[in-house]
1. Considering 250, 233, which residue is surrounded by fewer than 18 Cβ atoms within 10 Å (Cβ to Cβ) and out of contact with any His (no Cβ under 7 Å at 6 or more places or on another chain)?
2. Between residues in the stretch 506-518 that are more than 8 Å from residue 626 (Cβ to Cβ) and residues that are of a type in the set (D, E, K, R) and assigned to a helix (DSSP H, G or I), which pairs lie under 9 Å by C-beta distance while being six or more apart or on different chains?
3. Among the basic types (Lys, Arg) and either under 19 Å from residue 603 (Cα atoms) or more than 32 Å from the chain's Cα centre (by Cα) (or both) - does that describe any residue in the stretch 538-547?
4. Could you say which residue among 649, 636, 662, 653 is touching a residue at least 40 places away in the same chain (Cβ under 8 Å) and within 8 Å of the ligand (Cβ to nearest atom)?
5. For the stretch 119-174, what are the residues that are of a type in the set (Ser, Thr, Tyr), touching a strand residue (DSSP E or B) at 6+ places or on another chain (Cβ under 6 Å) and within 16 Å of the ligand (Cβ to nearest atom)?
6. Can you tell me which residue among 98, 108, 127 is within 10 Å of the chain's Cα centre (by Cα) and either more than 17 Å from residue 81 (Cα to Cα) or in contact (Cβ under 8 Å) with a residue 60 or more places away in the chain (or both)?
7. Out of all the residues in the stretch 253-276, which are surrounded by 15 or more Cβ atoms within 10 Å (Cβ to Cβ), more than 16 Å from the ligand (Cβ to nearest atom) and either within 23 Å of residue 367 (Cα to Cα) or of a type in the set (Asp, Glu) (or both)?
Amino acid sequence: MNIATLPTVSSDNLRDAILNHLAYSFGKTPEAAQTEDWRMALSFAIRDRMVEAWFAATRRTYEAGAKRVYYLSMEFLIGRLLEDGIVNLRLADQARAALTDLGLDYDAVLADEPDAALGNGGLGRLAACFLESLSTLSCPAMGYGIRYEHGLFRQSFQGGRQVESPETWLLQRHAWEFERPEARYRIGFGGEVREDRGRSVWTPSEQVDAEAFDTPIAGWQGKWVNTLRLWSAKAVAPFDLDSFNRGDFAAAAAPEALARTISRVLYPDDTTEQGKELRLKQEFFFTAAALRDILRRFDSEYDDLSQLPAKVAIQLNDTHPAIAGPELVRLLHDERGLPFDRAMEIAQGCLNYTNHTLLPEALESWHEGVFGKLLPRHLQIVDRIDDAHGKAHPSRSFSMRADSQVKMGELSFVMANRVNGVSALHTGLMKETVFAELHALHPDKIVNETNGVTPRRWLLSCNPRLSNLVTDTIGDGWVDDLERLKELESHVDDAGWRDRFAAAKRDNKADLSNWLAETQGVSVDPEAMFDIQIKRMHEYKRQHLNILEAIAHWQEIKDDPNAGWTPRIKIFAGKAAPGYFFAKDIIRLINDVARVVNADTATRDKLQVAFLPNYNVTLAERLIPAADLSEQISTAGKEASGTGNMKFALNGAPTVGTLDGANVEIREHVGADNFFLFGMTAPEVTERRMLDGHARAAIEADPRLARALDAIRDGTFSPDDPDRYAGIIENLAGHDYFLVCSDFTDYWRAQREVDAAYADPARWAGMAALNTARSGWFSSDRTIRGYMSDIWGAASL
Ligand code: Z16
C-alpha cells in the first residue's frame, strides 16, 4: 500500500537541494567542491527524500501493532548505496540532469562512493538483497549486524600472486548512516556466575558498549523504508582514570583500543570456520545488542512477554548469531524471571535459522573452554537446553555438546521454530545428511526457501540497456513483479526484437572492453564470447576446472589454428581467504596461464584469459550485464545455492553448469535447451569418490586432460619455476576430492556445444533472451514472500 506519496522532484529541485547541502552541510562553494563533496551533497539530497517514508513506515508499524522481522547477520554486503537510492526513488533522470547542469560528470560522482564490503560473498550479498526486498514489500523489518571499520580486504596481484591490503571504506565520508548515541547497550564478557537465592547471576569481567548506526534502506518507489542497524564497539569509558592520573597516557588509552577491536575488521573466511575467540566475541557482541534492542522496542509497546512470538520474528543468518538462543533464554529467565521452560518456549517461538552450507569445515563449533571462559552463563544454559531436548526425545543419540564442543548448528536447529535451506537440492541434502537425526525428531521444522536477487540492483540499475528494452516491450511492471518477464517470451521469435536484445548485450560488451582497455590493460575483441566466472576462490567452485579446460582449448587451437574456433575471452575474478593456500595457488596459476596464452600470437584472436583484481559488488555490476556465458561449475552437492548464477541468467547469459544448488532450479525454469549441463550429479559424486583411483582413470581416459596437466607440470606456464604447481598436480592426479578430473571430459564436451551455439547468433540470442524471460522466479521478492508466509508469519503493510 502506498503510505507516503513521494512529492515529484524536478531536476531543478534536486540541483537546488544539492547546492544547499554543498553549502550548509559541507561548507563548500561549487568552485571549491571536490568530487567527494558533490557525491556527499547528492547523497544527502537523495537521503532527505527517504526520511519521510522512513518515519511513516515506523508510525504505520506501531499503529498496526504489526509483527516485526529482525534479520541478524554477521555480514551485509551492501556495496554502493547512492545509485540504489536514486533508482529506487525513480530519480535517475533528474539526478543525471541536475549534475550535468552543474557541469559535473554524473557517473564519476557515483563512482566516487566506496563499495561497502561488509561481507565475504553470497551470504552477505543475500542479506543485502533481502533488506531491499523487505522494504519493497513494505514488511516491517530491521537488519542487525556489525559496523566493521574495515570490510573485506583489498586484493591486488604481485607476480600473479594475491596480495591483501586493508580495506578502508570509512576513511572516505559515508553519507548513509545516522549515528544513534542514545541507542547504546553495555555488553559483558567473561567473569563468573553465582547462585543467589535460586537465581543465576552473571557478573562479567569485561564490558564494552555497542553503539547503533542506522542506514535507511528504501524499497522500490521509496514507499517504504526499513533500517539496517549496525553496531560499533566503544569503550565504556574513554580512558582509564587511574592510569591517566598517574600520567601513563598510553595505558590510559588501552581500554579504548581493546574495545574497538571487536568491530575493527571482518573475518575474511567465507566457508571455513576459524575458531578464534575474537570471532566469538563479535558474534555475541552484535547478537546481544540486537536482542536488547528488540526487547526494549517490544517493552515500549507490550507488557506481556508471552506475546513475544506473535510480535517478533528473528532470523539467524547462518549460525553466526546462534548465541541468540541461549542469550534470549538468559534475558527471559535470569533477567525477567520467567521459568526456564517458558523462556525456552518463547525463544523457540521467535527464532529461525538459515543454513548456508553443508561443508564440514564451515560448521561452527566452539571448544567449551573458549566458550565457557567468554560466556560462562551461556554454557550452563546450552547444557540445560541440550538436557531438555534430550529428555523430550529420549531416543536421540545426538548432542550439541559432544567432544567438549558446543555445536552451533545443532543449537540453532533446536532453538529455531523453522530451519531453512537455500535451494531445493540443498534443503534435501540437509535432511539426508547433517541434520538427518534432528529432522527425524522434528519432521516439520526444515523448509526450503530458494535464494533470490533483487531485480532493482541486478537488472534495472546495473543494466540500463536491457532494462529499457524490457520496459519498452512490456512496460515497467516487471520491476516489482519479476515473473512478468515471461511476457517477453512471445517476442523472442521476432527477429527484429531479438536483434535489439543482442544489441543491448553487444553495447554492454563494448563498454566493458573499453573499460578493460583503459583500466586493466586488457584488450579484447567485443565480438568474442565473454565467458565469466566470478565468485570466491574455492576448490569446490572449481576455478581450476575452468582453467584446465582453457589450457586444453589453447593446445587444441595451436594444433589446428584454422579449425573455425569460436573466439572467447575467459574472465575470472574472486578473492581467496588469506590462509587458503591452495586457492591462492589457483589464482597464481590462472594469472600465469593468462600471461602465456595472451602472448601467443597464433591463438590470441581465439582465446584470451584475464583475472581481474579486487572482485566486489561494483565489479559484479559491471561484468554481469556484459556476460555471454555464466560459469557455475561446482562439484555437485557443494554449492548450497549460488546467487551469481541467478544474476547472470537474468541478464541474458546462459549457464554452463552442474546440477548443484540453485542451478537445478535455474535449468528447470529457463529450460534444458537454454542451459549447458555437464558433470556428475550429487549422488554420482558420492559414489565416484569411493572408487579407488578415479582421478588416474579419468586422466588416462582423456588425452586432452593428460596433456593440459602435463603442460602445468612441465613448467609451460612457470618456466622460471617449473615445480610451482606441483601441489595442484599432486592433488588433482591424486585424491582429487572435488572430482575435477572426473568431470573434465563432460565439461569439455559442454564447452564445445557452447561454441557451436554461440557461432549461430540468432540461436544464441534466442537462448540468452529466454534466460532473461524465464528468470523472474529468482527475484528476492519471491524469496522474501516465502519467508514471510512459511517462516515469519509477517504481513506487508
Ligand atoms: C557464504 O557466502 C555462503 C555459505 C556459507 O556457509 C558462508 C558464506 Cl560467507 C554462501 C553459499 O556458499 C552459497 O551457495 C549461497 O548462495 C550463499 O551463501 C547464500 O545462501
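Read the figures in this text as sums done on the coordinates, not as results from a lab. Predicted model, so just to flag it, every value in this text is computed and none were measured. Heads up, the Cβs are rebuilt from the backbone with ideal geometry, glycines too, and the neighbour counts pull from every protein chain shown.
1. 250
2. Taking only residues 6 or more apart or on different chains, the pairs are 507/465; 515/622.
3. no
4. Only one candidate passes the filter, namely 662.
5. Of everything in the stretch 119-174, just one residue is of a type in the set (Ser, Thr, Tyr), touching a strand residue (DSSP E or B) at 6+ places or on another chain (Cβ under 6 Å) and within 16 Å of the ligand (Cβ to nearest atom), namely 148.
6. Going through 98, 108, 127 in turn, just one is within 10 Å of the chain's Cα centre (by Cα) and either more than 17 Å from residue 81 (Cα to Cα) or in contact (Cβ under 8 Å) with a residue 60 or more places away in the chain (or both): 127.
7. Correct list: 256, 262, 263.
Quick grid of which residues meet (1) more than 22 Å from residue 107 (Cβ to Cβ); (2) in contact with a Cys (Cβ under 6 Å, 6 or more places away or on another chain); (3) surrounded by fewer than 21 Cβ atoms within 10 Å (Cβ to Cβ):
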| residue | (1), (2), (3) |
| --- | --- |
| 485 | yes, no, no |
| 499 | yes, no, yes |
| 506 | no, no, yes |
| 510 | no, no, yes |
| 513 | no, no, yes |
| 520 | no, no, yes |
| 544 | yes, no, no |
| 549 | yes, no, no |
